[in-house]
Amino acid sequence: MDQLRSLDYPAHWVTREEAARIAGDIRIPESVASIAHFPSEGYVLPDRLVANLLADAEQHGATIAIGEVVSIDDSPGNVSVTLAGGEVCTGDRVVLATGRWTEGLAAKAGIELPMVTGTDRGSPTVGLLGYVRNLDIDLRCVIHTPALNLRPGADGHDAVVQALDLNHDVDPAEPPSWDGQMATTITQRLTALMTDRARAPRIDLRVGLRSLPADGYTVAGYASTRSRIYCLVSHSAVTMAPVLGRLVAAEIATDQEQELLRAFRPSRFAGRRRSDVELDQRPAKLGEQ
């Protein structure tokens, strides 16, 4: 808390009564001794954000196409993308924003962009999310507890939950079932935060694979000073999407470098051994994401 305040980041301690008023209709366990509130923080609803962005793009003349990219050709006059069906799309710029598939596709264009690529049990790329339908509590903000993280859904009746300590036991090759031990554990933790009058939730589990650059930091920028390929990949990219989108759009549309992105150029990987840039690959804990 002191560190955040030293950076002028809005943060303060609140009482249990204040927390209940801010967070909604939840029960705060007696074991919780201190509660912090970050009043300026918000959250992104991915489905709604993507739908709005696509609609806005089409209104401004964009053509939305879906296809598998197999290669990128970066030439002095233009840049082209070849799809699996043989179609070639040519333009002035290409934005390489392909999440966890970035390393392989970048390599086809001669770009060195190392990612954490492991997808086995315990890999830091593996994350388990629970989607709660018709949540019977009034959840008003993102909540982090020692046992569970919660985010409201788009319609006010759903929520997304996460238990970081369970990630190390998740195997994407054998995803947990809705009625298995992990689902039971998450349901019990969520129920502990609900009032007695609330109905027991039904939780659907999904295993996700994070987009994680090898050094853990966002990648944003052209592959080189002469390249027409703009690389964009990040862990927590949904959280940062609103600001990243504005900054990247400004750089591409105006060719004016944005100071906030200067430290995140893909050129930082050039000529470096992979072992020199790899992050600590232990799974994330509460507060480390």
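The values are calculated or read from the model by the stated rules, or taken from the named source; none is laboratory data. All of these numbers come straight from a predicted model, not from anything done at the bench. Glycine also receives a Cβ, built like all others from the backbone with ideal geometry; neighbour counts cover every protein chain displayed. For accessibility, only protein heavy atoms count, side chains too; no ligands or nucleic acids. Shrake-Rupley method; radii C 1.70, N 1.55, O 1.52, S 1.80 Å.
Points worth noting:
- With every protein chain in place, the range 1-144: carbon and sulfur % of accessible area (1.4 Å): 52 percent
- Average accessible area per residue (Å²) across the range 1-88 - probe 1.4 Å, nucleic acids and ligands excluded: 72 Å²
- Dipole magnitude of the chain about its Cα centre (Cβ charges: Lys, Arg +1; Asp, Glu -1), debye to nearest 20: 240 debye
- Over the chain, all Cα pairs binned in 10 Å intervals from 0 give whole-percent P(r) values of 5, 23, 30, 25, 13, 3, 0, listed from short to long.
- Heavy-atom accessible surface of the range 105-203, averaged per residue, reaches 48 Å², computed with a 1.4 Å probe.
- The largest accessible area among Cys89, Cys231 belongs to the first residue in Cys89, Cys231, and the rest follow in falling order (1.4 Å probe, all chains).
- Among Ala23, Ala84, Ala163, residue whose mean-square fluctuation peaks in a GNM of the chain (springs only between Cα atoms under 10 Å): Ala84
- Residue order for Ile229, Ile66 - accessible surface, 1.4 angstrom probe, largest first: Ile66, Ile229
- Note on the chain: GNM, Cα springs under 10 Å; of Thr225, Thr98, Thr185, the largest mean-square fluctuation is that of Thr225.
- Inter-label distance, Glu68 to Trp178: 2.9 nm, where each label sits 7 Å from its Cα along the C-beta direction.
- Candidates Ser40, Ser75, Ser267: whichever shows maximal mean-square fluctuation once the chain is modelled as a Gaussian network with Cα springs under 10 Å: Ser40
- The range 43-79-the range 214-241 distance, computed between alpha-carbon centres (Å): 16 Å
- If you sort the three axes of the alpha carbon gyration tensor as a ≥ b ≥ c, you get a/c of 1.5 or more for the range 1-53 and a/b no higher than b/c, which makes it oblate.
- Long-range HN-HN contacts of Val126 with modeled amide H, under 5 Å: Arg210
- The range 36-165: C-alpha gyration tensor shape, a/c 1.5 cut-off, then a/b vs b/c: prolate
- Area accessible to solvent at Glu58, 1.4 Å probe radius, in Å²: 110 Å²
- Principal-axis analysis of the Cα atoms of the chain puts helix 237-254 at an angle of about 30° to the longest axis.
- Relative to the longest principal axis of the Cα atoms of the chain, the long axis of helix 181-191 makes an angle of roughly 60 degrees.
- In this rough spin-label picture, where each label sits 7 Å from Cα along the Cβ direction, the Gln188-Lys108 distance is 4.7 nm.
- On Cα atoms only, tilt of 46-59 relative to the major axis of the chain in degrees: 40 degrees
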